[in-house]
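S.K.: Questions regarding the structure given below will be posed in turn.
The values are calculated or read from the model by the stated rules, or taken from the named source; none is laboratory data. Bear in mind the structure is a predicted one, so any value in this text is a computation, not a measurement. A quick note on method: Cβ atoms are made from the backbone with ideal geometry, for glycine too, and the neighbour counts reach across all protein chains shown. We work out accessible area using only protein heavy atoms, side chains counted, and drop any ligands, DNA or RNA first. Shrake-Rupley method; radii C 1.70, N 1.55, O 1.52, S 1.80 Å.
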Amino acid sequence: GAGVSQSPRYKVAKRGQDVALRCDPISGHVSLFWYQQALGQGPEFLTYFQNEAQLDKSGLPSDRFFAERPEGSVSTLKIQRTQQEDSAVYLCASSLPGLIEAFFGQGTRLTVV
Amino acid sequence: EDKVVQSPLSLVVHEGDTVTLNCSYEVTNFRSLLWYKQEKKAPTFLFMLTSSGIEKKSGRLSSILDKKELFSILNITATQTGDSAIYLCAVEIGSARQLTFGSGTQLTVLP
């Protein structure tokens, strides 16, 4: 596609519900990143994939957070048993191999009520 | 702990003004510094800086890095209302392939 596509754009979840956020990177971009952005803050790194391999998951805040990219293209970020503190915009970014300049998607705004 | 600090947190100017946004960092194993513009939700890439003293320029925007004093500035001349956005500074650390972002500067340009 022309850019990084994320869905849904908005998600409201009841506390305790599981959610799945989808990211469709730019075609040919082997590197894929997930970031979490709380209101008034800069994005914070969650996890990084190169193709289907998850090379860094050091930013995932708890074991309720899980990300996968089984075929090296589309990625899903899953949050189990959502909590209010999970409310944030979840940004996905992709880049070409060896380049740090990442292209970001529009994000998914998650609100946990 | 790696730290990226941006100032000011917010700035309100009038069209035609020139603004300077600051980004300072304290990180281990610095690799590069990037500037992004965030309107609504998606940050868009502006500049990547790796070497001290070399200005990068794109239209009315320019940026420079000082690796001795550990800071970067982003200049916008002849501001327009379309420049209103959050400007994010991020540092790439080592070979981690992740970016550490500052909190951003909210720029508002009034007509």
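S.K.: Is one or more of the residues making up segment B:48-62 within 11 Å of chain A (Cβ to nearest Cβ) and either free of Cβ contacts under 8 Å to residues at least 24 places away in the same chain or more than 24 Å from A:GLN37 (Cβ to Cβ) (or both)?
M.R.: Yes; the residues of segment B:48-62 include at least one that is within 11 Å of chain A (Cβ to nearest Cβ) and either free of Cβ contacts under 8 Å to residues at least 24 places away in the same chain or more than 24 Å from A:GLN37 (Cβ to Cβ) (or both).
S.K.: Take the residues in segment A:5-42 that are in a loop (DSSP other than H, G, I, E, B), touching a residue at least 24 places away in the same chain (Cβ under 8 Å) and touching a Gly at 6+ places or on another chain (Cβ under 9 Å), then tell me which one is nearest to A:GLY98 (Cα to Cα).
M.R.: Applying the filter and picking the extreme gives A:VAL30.
S.K.: Considering only residues that are at positive phi and open to solvent by 60 Å² or more (accessible area, probe 1.4 Å), which ones fall in segment B:47-70?
M.R.: Within segment B:47-70, B:GLY59, B:LEU70 qualify.
S.K.: Right, another one. Hey, any hits in segment B:11-18 for a residue that's more than 13 Å from every other protein chain (Cβ to nearest Cβ) and closer than 22 Å to A:LEU39 by Cβ?
M.R.: The answer is yes; a qualifying residue exists.
S.K.: Looking at (1) in contact with a Cys (Cβ under 8 Å, 6 or more places away or on another chain); (2) of a type in the set (A, V, I, L, M, F, W, C); (3) assigned to a loop (DSSP other than H, G, I, E, B), find the lone condition where B:CYS89 falls short.
M.R.: Failed condition: (3).
S.K.: Just one of the numbered conditions (1) in contact with a strand residue (DSSP E or B) (Cβ under 7 Å, 6 or more places away or on another chain); (2) at the interface with chain A (Cβ under 10 Å from one of its Cβ atoms); (3) free of Cβ contacts under 8 Å to residues at least 12 places away in the same chain is not true of B:LYS40; which one?
M.R.: (1)
S.K.: Any idea which of (1) open to solvent by 50 Å² or more (accessible area, probe 1.4 Å); (2) not in a loop (DSSP other than H, G, I, E, B) is the one A:ALA2 doesn't satisfy?
M.R.: (2)
S.K.: Here is a further query. Here's a check for you: in segment B:11-32, which residue that is in contact with a Ser or Thr (Cβ under 7 Å, 6 or more places away or on another chain) and among the polar types (S, T, N, Q) is most open to solvent (accessible area, probe 1.4 Å)?
M.R.: B:THR18
S.K.: Go through segment B:1-10 residue by residue and tally those that are surrounded by fewer than 16 Cβ atoms within 10 Å (Cβ to Cβ), modelled with pLDDT of 95 or more and within 12 Å of chain A (Cβ to nearest Cβ).
M.R.: Final tally of qualifying residues: 3.
S.K.: Return the only residue of A:TYR48, A:TYR35 being within 19 Å of B:GLY102 (Cβ to Cβ), hydroxyl-bearing (Ser, Thr, Tyr) and either within 15 Å of the chain's Cα centre (by Cα) or open to solvent by less than 10 Å² (accessible area, probe 1.4 Å) (or both).
M.R.: On inspection, the qualifying residue turns out to be A:TYR35.
S.K.: Of everything in segment B:76-111, what is without any contact (Cβ under 8 Å) to a residue 40 or more places away in the chain, within 10 Å of another protein chain (Cβ to nearest Cβ) and out of contact with any Phe, Trp or Tyr (no Cβ under 6 Å at 6 or more places or on another chain)? Give them in sequence order.
M.R.: Matches in segment B:76-111: B:ALA96 only.
S.K.: Still on this structure, I have one more. I'm trying to understand the selection: among the residues of segment B:33-46, which are part of a strand (DSSP E or B) and open to solvent by 60 Å² or more (accessible area, probe 1.4 Å)?
M.R.: Residues satisfying the conditions are B:GLU39, B:THR44, B:PHE45.
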